[in-house]
Amino acid sequence: MIPLALDLNDLFLFSQVVQRQGFSAAARSLGLPKSRLSRRVSLLEERLGARLLQRNARNLRLTDAGQATLARCRSMLDAADEAVQQAQQQYARPQGRVRISMPKAFGRFVVAPLLPAFLARYPQVDVELFISDRDVDPLADGLDLTVRVTDTPPPGMAGRPLLPVRQLLCASPHYLAMHGRPAHPRDLAQHQCLYLAEHEADKRWQLQRGKEQLTVAVTGRYATNHSELRLEGVLAHLGIAPLPHFTAQAALDAGQIETVLDDWEFTTAYRGMAWLLYPPNRYLPPKVRVLIDYLADALADHTTPMTR
């Protein structure tokens, strides 16, 4: 039971401090003095009998109690928002700002090209697109939508499948003319290979053909964890690289690069279905719903992986 003396507005203020990642940014967003905001959060901690935030000069960190309180807090705020949306949705026009996060290459090659037409169709909806290859926390980061490439969407999230992601092994025609085309995954050990270099295991490429699986130790003079930079390396004839199919597509169509080992599948963590994820609210704000529907419809022709 919530103590009678507890002001529910303080829960909202606390959530804004977390979403904006600090008292100063939250105070500016809310139009409140920072000192007043700090007092309200301290009062909330006092009345709950638990510290919610660990404060230092540089940043804030949620305590375990803070994590639990934030989750409940957001649930209450979402419930209040749902009540308003349910009453207004029949008449409301999509308007407001939608915050969406996704992996870098997927945002650059798949989603960003679709957004100008969306913004033209919905002039009262603004989009904040964040690209990051780290797994984000939609709750803590204040996001409406996230894209994650996975075969198993995380529990507690609703989602729409957007696009199967497949990795292709690619090289330039010039490189293949100079060094030969690998006929079997074992041949990769004799080639220059552009790998990710984030972990030692990135030098051990795993490939699969039916039930047959192989691991090949590769080497190369150039490594980068960004697929667009690997594509540039391939175009510069530096070797063979794994590329998401949407990163490679334009260069493949132009004949600038070719795929190798077409009957083998390159298996990494960055493969599977790209899911558009959002909180499982029954009544999504119209601004979020139209973006979900727009992206799902725009990518509906890509319901199966690209064939080579």
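The values are calculated or read from the model by the stated rules, or taken from the named source; none is laboratory data. Source: prediction; values computed, not measured. Cβ placement follows ideal geometry from the backbone for every residue including glycine, while neighbour counts extend to all protein chains displayed. SASA here: full protein model, heavy atoms, side chains in, ligands and nucleic acids out. Shrake-Rupley method; radii C 1.70, N 1.55, O 1.52, S 1.80 Å.
Quick notes on this one:
- When the range 265-284 is filtered for residues that are more than 18 Å from the chain's Cα centre (by Cα), within 24 Å of ASP135 (Cα to Cα) and modelled with pLDDT under 85, the ones remaining, listed by number, are ASN281, LEU284.
- Just one of (1) within 18 Å of VAL165 (Cβ to Cβ); (2) part of a strand (DSSP E or B); (3) free of Cβ contacts under 8 Å to residues at least 60 places away in the same chain fails for LEU243. It is (3).
- Residue among ARG93, ARG99, ARG134 that is modelled with pLDDT of 90 or more and either open to solvent by 30 Å² or more (accessible area, probe 1.4 Å) or farther than 23 Å from TYR283 by Cβ (or both): ARG99
- Inter-residue pairs, beta-carbon under 6 Å, first assigned to a helix (DSSP H, G or I) and in the range 293-306, second at pLDDT below 95, 6+ apart: ALA296/ARG160; HIS302/LEU163
- Residue match in the range 226-233 (condition: of a type outside the set (Gly, Ala, Ser), surrounded by 12 or more Cβ atoms within 10 Å (Cβ to Cβ) and closer than 21 Å to ARG186 by Cβ): no
- Scan of the range 47-79 for residues that are outside any helix (DSSP H, G or I) and of a type in the set (A, V, I, L, M), ordered by number: ALA50, LEU52, LEU53, ALA57, LEU60, LEU62
- Among the criteria (1) part of a strand (DSSP E or B); (2) more than 30 Å from ASP126 (Cα to Cα), the one THR146 does not fulfil is (2).
- Selected residue [in contact with a Leu (Cβ under 8 Å, 6 or more places away or on another chain) and open to solvent by 60 Å² or more (accessible area, probe 1.4 Å)] from LEU238, LEU214: LEU238
- Cβ separations smaller than 8 Å between residues 6+ apart or across chains give the following pairs from the range 119-139 residues that are more than 22 Å from SER15 (Cβ to Cβ) and free of Cβ contacts under 8 Å to residues at least 60 places away in the same chain to residues that are open to solvent by 90 Å² or more (accessible area, probe 1.4 Å) and in a helix (DSSP H, G or I): ILE131/ARG108.
- Residue within the range 110-127 that is of a type outside the set (Val, Ile, Thr), outside any strand (DSSP E or B), open to solvent by 10 Å² or more (accessible area, probe 1.4 Å) and within 21 Å of HIS226 (Cα to Cα) present: yes
- Top-ranked residue in the range 15-34 [being free of Cβ contacts under 8 Å to residues at least 12 places away in the same chain and either touching a strand residue (DSSP E or B) at 6+ places or on another chain (Cβ under 8 Å) or in a helix (DSSP H, G or I) (or both); ranked as least open to solvent (accessible area, probe 1.4 Å)]: ALA27
- LEU261 vs. criteria assigned to a loop (DSSP other than H, G, I, E, B), open to solvent by less than 30 Å² (accessible area, probe 1.4 Å) and out of contact with any Asp or Glu (no Cβ under 7 Å at 6 or more places or on another chain): yes
- Against the list (1) at pLDDT 95 or above; (2) closer than 17 Å to ALA296 by Cβ, the condition PRO116 fails is (2).
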